[in-house]
Amino acid sequence: AQSVTQLDSQVPVFEEAPVELRCNYSSSVSVYLFWYVQYPNQGLQLLLKYLSGSTLVKGINGFEAEFNKSQTSFHLRKPSVHISDTAEYFCAVNSGNKLTFGGGTRVLVKP
Amino acid sequence: GAGVSQSPRYKVAKRGQDVALRCDPISGHVSLFWYQQALGQGPEFLTYFQNEAQLDKSGLPSDRFFAERPEGSVSTLKIQRTQQEDSAVYLCASSLVAGTSGRGNEQYFGPGTRLTVT
């Protein structure tokens, strides 16, 4: 069975500072990896996805992530956050006919 | 509509009541998924439809949970004899093609139904 671990449950960060959200997965087969963002009382919105090819993936809202097969990681980064980036972020791995999600990381951007 | 819609957005049920949660996927989307998101946790898979066929129901926590998609479009998740542990947000997602295996097919999520069992 596949699993996803998000090591940080909460990350406080000041506005315009960089942020990195960590994600590690376990899988014995090739995977497809995703990052979703969830704003309060809303559904999940896809930020970016890794399917194949370049290990550096760029997404919406200035986010990017790097796939590292040897470390089984898919960390999400943004060089300069805005107040509007305050939300919960979920890493997920494709697993047959479903997505398996991590527990989420809550990002709180402070002015 | 432009996205996935779910109704009701909020539902309060007394323990033992039956509830029905509705999902309207994006028009033309073949695949439909239900997830359960407990407070402070990530979504967990419940079940998957390809058109009207329920191909995977491995995530349904008990036989009190039942889902259907009779015409391959709208889906209903029914929970019988609700218990307090059923309190969660129920998310519906749809994707354009069949399944996700080997494709990384993007799933579009609805806003969810927040179920509170008292």
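The values are calculated or read from the model by the stated rules, or taken from the named source; none is laboratory data. Just so you know, these numbers come straight off a predicted model, no measurement behind them. With ideal geometry, Cβ positions are generated from the backbone for all residues, glycine too; neighbour counts draw on all protein chains shown. Areas reflect the complete protein model, heavy atoms only, side chains present, ligands, DNA and RNA absent. Shrake-Rupley method; radii C 1.70, N 1.55, O 1.52, S 1.80 Å.
Remarks
- One residue from A:46, A:56 being free of Cβ contacts under 8 Å to residues at least 12 places away in the same chain and aliphatic (A, V, I, L, M): A:56
- Whenever a residue of region A:1-12 is within 13 Å of residue A:90 (Cβ to Cβ), its partners that are charged (D, E, K, R) and modelled with pLDDT of 95 or more, lying with C-beta atoms within less than 8 angstrom and at least six residues away or across chains, give the pairs A:6/A:22; A:8/A:22; A:9/A:106.
- Test: residue in region A:59-70 that is touching a residue at least 24 places away in the same chain (Cβ under 8 Å) and more than 25 Å from residue B:94 (Cα to Cα): yes
- Once region B:29-58 is narrowed to residues that are without any contact (Cβ under 8 Å) to a residue 24 or more places away in the chain and part of a loop (DSSP other than H, G, I, E, B), the residue that is farthest from the other protein chains (Cβ to nearest Cβ) is B:52.
- Test: residue in region B:62-70 that is touching a residue at least 24 places away in the same chain (Cβ under 8 Å), open to solvent by 10 Å² or more (accessible area, probe 1.4 Å) and not hydrophobic (A, V, I, L, M, F, W, C): no
- Residue B:23 meets each of the listed conditions (1) open to solvent by less than 30 Å² (accessible area, probe 1.4 Å); (2) of a type outside the set (S, T, N, Q); (3) within 13 Å of chain A (Cβ to nearest Cβ); (4) without any contact (Cβ under 8 Å) to a residue 24 or more places away in the chain apart from (4).
- The residue of region B:59-93 that is nearest to residue A:44 (Cα to Cα), among those that are in a loop (DSSP other than H, G, I, E, B) and among the acidic types (Asp, Glu), is B:71.
- Scanning region B:71-89 for residues that are free of Cβ contacts under 8 Å to residues at least 40 places away in the same chain, surrounded by fewer than 16 Cβ atoms within 10 Å (Cβ to Cβ) and within 24 Å of residue B:15 (Cα to Cα) gives a single hit, B:85.
- Any hit, region A:47-58, residues being of a type outside the set (A, V, I, L, M), under 29 Å from residue B:88 (Cβ atoms), at pLDDT below 95 and surrounded by 12 or more Cβ atoms within 10 Å (Cβ to Cβ): yes
- Residue satisfying condition, being away from chain B (no Cβ under 14 Å) and hydrophobic (A, V, I, L, M, F, W, C), within set A:56, A:99: A:56
- Of the residues making up region B:99-108, not a single one is at pLDDT 95 or above, assigned to a strand (DSSP E or B) and touching a strand residue (DSSP E or B) at 6+ places or on another chain (Cβ under 8 Å).
- Taken across region B:9-20, residues that are open to solvent by less than 60 Å² (accessible area, probe 1.4 Å) and assigned to a loop (DSSP other than H, G, I, E, B) do occur, with at least one present.
Each row is one residue, and each column tells you yes or no for (1) of a type in the set (Val, Ile, Thr); (2) outside any strand (DSSP E or B); (3) within 14 Å of chain B (Cβ to nearest Cβ); (4) farther than 18 Å from residue B:110 by Cα.
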residue	(1), (2), (3), (4)
A:46	no, no, yes, no
A:49	no, no, yes, yes
A:65	no, no, yes, yes
A:94	no, no, yes, yes
A:109	yes, no, no, yes
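- None of A:80, A:70 is open to solvent by 40 Å² or more (accessible area, probe 1.4 Å), under 20 Å from residue A:10 (Cα atoms) and either of a type in the set (Lys, Arg) or in a loop (DSSP other than H, G, I, E, B) (or both) except A:80.
- Taken residue by residue, region A:25-34 has at least one member that is over 27 Å from residue B:4 (Cβ atoms) and either away from chain B (no Cβ under 14 Å) or within 13 Å of the chain's Cα centre (by Cα) (or both).
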